Every structure is written in structure tokens, then in C-alpha cells.
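Everything on this sheet refers to the single structure shown next.
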Amino acid sequence: MITILVAEDEYLNFLFLNEILKKQGFAVIYAKNGLEAVEIFSHRADEVQLILMDLKMPQMNGIEAIKHIRGINKEIPIIVQTAFTLNEDKVAAIDAGCTDFIEKPINRKHLLELIYDLLEN
């Protein structure tokens, strides 16, 4: 079973993502902020095949979390999900090591195409 770590501080957004992912048969691990995502990944990296990372979160934002995760695993696909489409955010996320982006509000079909494409590669 493929496991996806979802880092999202807005619980309703997580519930939306969780429903989409579970319907596809994915296992989901929830982190409510970047710090929790790093902690979970540091202990369970061998279980996680992909990460969905919100950029704007309390305690540790997505950029910092990606940098820490890249220190643990340089290859895991990380999709940044954000409502902020500023070019500076995208550049910072790419520099931190994200693999791809999806903008909020999230289009279910686009998200699944992106996930399957990254998992195949």
C-alpha cells in the first residue's frame, strides 16, 4: 500500500484530501504543521512514498519542513499545495527541494494525475 504524508494546518482541507486519497486506496498520515511533518517523516520515512506539503503553516512552514525532509531523503516526491501563487513562494519551494506544485483550491483530477505521475517515476 502506498502511504502519503499530508502536512496541512487547515483540518477541513485535510479532510478533503484524505477523502480523495483514501478512495484511491492510499494510506494517509496526517501532520498538522511542518514541524510535525518533519518529526513523523524522521521516524517513518521508510513507510512514506509521497508528501503533500502546505506552504503556510504554524510552528514550521512548508519551506523549512521541506529543507529538513530533504536532509533525511533527497528523492521522495514532495508536492507543495498552496493558495499563494506568488512567484517568490514557488522559487523558495523549488530551492528547498519540492518536486511539484498544486494550487488551492485543489482540483481532484489534477492532484491524482500528478500523484500517479510522480509515483510512476
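Kindly provide the set of residues from the stretch 1-28 that are crowded, with 18+ Cβ neighbours inside 10 Å and under 12 Å from the mean Cα position of the chain (by Cα), ordered by number.
Correct list: 4, 5, 6, 7, 8, 9, 14, 17.
Condition check: over 11 Å from the mean Cα position of the chain (by Cα), surrounded by fewer than 19 Cβ atoms within 10 Å (Cβ to Cβ) and within 23 Å of residue 73 (Cα to Cα). Does residue 32 satisfy that? Break it down into steps so the answer makes sense when it comes.
Numbers: over 11 Å from the mean Cα position of the chain (by Cα): yes; surrounded by fewer than 19 Cβ atoms within 10 Å (Cβ to Cβ): yes; within 23 Å of residue 73 (Cα to Cα): yes.
In short, yes.
How many residues does the stretch 59-112 hold that are touching a residue at least 40 places away in the same chain (Cβ under 8 Å) and in contact with an Asp or Glu (Cβ under 6 Å, 6 or more places away or on another chain)?
Selection size over the stretch 59-112: 2.
Is it true that residue 76 is closer than 13 Å to residue 5 by Cβ, part of a loop (DSSP other than H, G, I, E, B) and not small (Gly, Ala, Ser)?
Numbers: closer than 13 Å to residue 5 by Cβ: yes; part of a loop (DSSP other than H, G, I, E, B): yes; not small (Gly, Ala, Ser): yes.
Here the answer is yes, as residue 76 does meet what is asked.
Conditions (1) in a helix (DSSP H, G or I); (2) modelled with pLDDT of 95 or more; (3) over 26 Å from residue 1 (Cβ atoms), marked per residue:
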site: 20; (1), (2), (3): yes, yes, no
site: 37; (1), (2), (3): yes, yes, no
site: 56; (1), (2), (3): no, no, yes
site: 66; (1), (2), (3): yes, yes, no
site: 88; (1), (2), (3): yes, no, yes
site: 101; (1), (2), (3): no, no, no
site: 118; (1), (2), (3): yes, yes, no
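Looking at 96, 27, 45, which one is under 23 Å from residue 121 (Cα atoms) and touching a Gly at 6+ places or on another chain (Cβ under 9 Å)?
Selected residue: 96, the only one of 96, 27, 45 that is under 23 Å from residue 121 (Cα atoms) and touching a Gly at 6+ places or on another chain (Cβ under 9 Å).
For the subset of the stretch 103-112 comprising residues that are under 15 Å from the mean Cα position of the chain (by Cα) and part of a helix (DSSP H, G or I), which member is surrounded by the most Cβ atoms within 10 Å (Cβ to Cβ)?
If we take residues in the stretch 103-112 being under 15 Å from the mean Cα position of the chain (by Cα) and part of a helix (DSSP H, G or I), then 111 is surrounded by the most Cβ atoms within 10 Å (Cβ to Cβ).
The values are calculated or read from the model by the stated rules, or taken from the named source; none is laboratory data. Just so you know, these numbers come straight off a predicted model, no measurement behind them. Reconstructed Cβ throughout: ideal geometry from the backbone, glycine too, with neighbour counts over all protein chains shown.
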